[in-house]
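Student: Please find one structure pasted underneath; my questions will follow.
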Amino acid sequence: MKPDILFEQTVSDFPELKRKLLALFKTPDQALSWLINPKWQLEGRSPAECLENDLDAVLDLIRTIEQGDFS
């Protein structure tokens, strides 16, 4: 499946998340890559794994990145 279609399917229920990801990463391919790779800030889970049960943690991580805190 094409990355842009997979990205759309992944974030279709989360319009705020979609908007933030596209503003931050510019392309669906880059945003999808970020979504599917585990993050230590999410206890080793990928943001995609957290969407249903911990969306706030994903949005907090995005806010941290937007503010330039990459630690």
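The values are calculated or read from the model by the stated rules, or taken from the named source; none is laboratory data. As the structure is a prediction and not an experimental result, all values here were calculated from the model. So basically every Cβ, Gly included, is an ideal-geometry build from the backbone, and we count neighbours across all protein chains shown. Note: accessible area is taken over every heavy atom of the protein model, side chains too, but ligands, DNA and RNA are not part of it. Shrake-Rupley method; radii C 1.70, N 1.55, O 1.52, S 1.80 Å.
Student: Can you list the residues of region 4-41 with backbone N under 15 Å from a point 7 Å past the Cα of Glu66, pointing along Cα to Cβ?
Tutor: Residues passing the 15 Å test: 15-26.
Student: Let me see the P(r) profile for region 16-71: every Cα-Cα distance counted, bins of 10 Å, each bin given as a percent of all pairs.
Tutor: Result, from short to long distances: 24, 63, 13 percent.
Student: Filter the chain for me: DSSP H helices, axial length by Cα at least 24 angstrom, mean Kyte-Doolittle hydropathy not below 1.0. List them by residue number.
Tutor: none
Student: Roll a 1.4 Å probe over the protein chains and send me the accessible area per residue for the chain in Å².
Tutor: On a per-residue basis, 64 Å².
Student: Put a dot 7 Å past each Cα toward the Cβ at Asn53 and Ser33; how far apart are the dots in nm?
Tutor: 2.9
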